[in-house]
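Heads up, the thing below is written out as C-alpha cells.
What follows draws every value from the coordinates through simple rules; no lab data is involved. In this text the structure is predicted, and so the values were computed from the model without any measurement. FYI the Cβ positions are ideal-geometry reconstructions off the backbone, even for glycines, and counts take in every protein chain you see.
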Amino acid sequence: MSQPPTSENGYQSRTRANTMRLLRWNFTWAAVTLLMAFGPGFIWHKALVFTLLAVGLDVAMGVGMILATIKYVTELDDLQRKVYLNALGITVGVALITGVPYAVLDAYHVMHFKANFGHLVILMGLTFLVSFVYGTWRYR
C-alpha cells in the first residue's frame, strides 16, 4: 500500500529544512570536537601544527553552528520559540548551578576524581533534551 501524500505547507517545509541544517552543523561540530580532543594523542602524535589546525577547524564549525542556531530560532513560530528558549534557559541555569560547585569541589580535592568539562556538556545536553521534549509535550 502506498502512503497518502502529506500536506506540508511552506512553513513546515522550511522548519524541517532548518532543523536538518542545525542537526548537520551540530553533528559536524561534535565530530570535529572529537577529532580535536583525540587527534593529538591517537592520530598525529601531538604534532603542534595539526593540533592548532584542529582547534581552528573546531572554532570555525562552532561559529557555523551558532549561525545555524540563530537562523533556526528566527524561523520558529512564537510557541516553538518559547519552548526552545525556555529549554535553553533551564539548561543554562542547571549548568551554572551544578558547574560552579563542581569546579569548587574539584579545586579543593573534595571529589575522588578529577572534574571533567565533558561531564558538564553531557549534563547540559540531557537537560536541554528533557526540557525541550517536556515543553513540546506540554503545549501540544
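Laid out as a table, the results:
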| item | result |
| --- | --- |
| Helices (runs of 4 or more DSSP H) (entirely within the stretch 36-140) containing at least 2 residues that are over 25 Å from residue 23 (Cβ atoms) | 48-75, 78-107 |
| Check on residue 54, more than 26 Å from residue 130 (Cβ to Cβ), surrounded by 14 or more Cβ atoms within 10 Å (Cβ to Cβ) and among the small types (Gly, Ala, Ser) | yes |
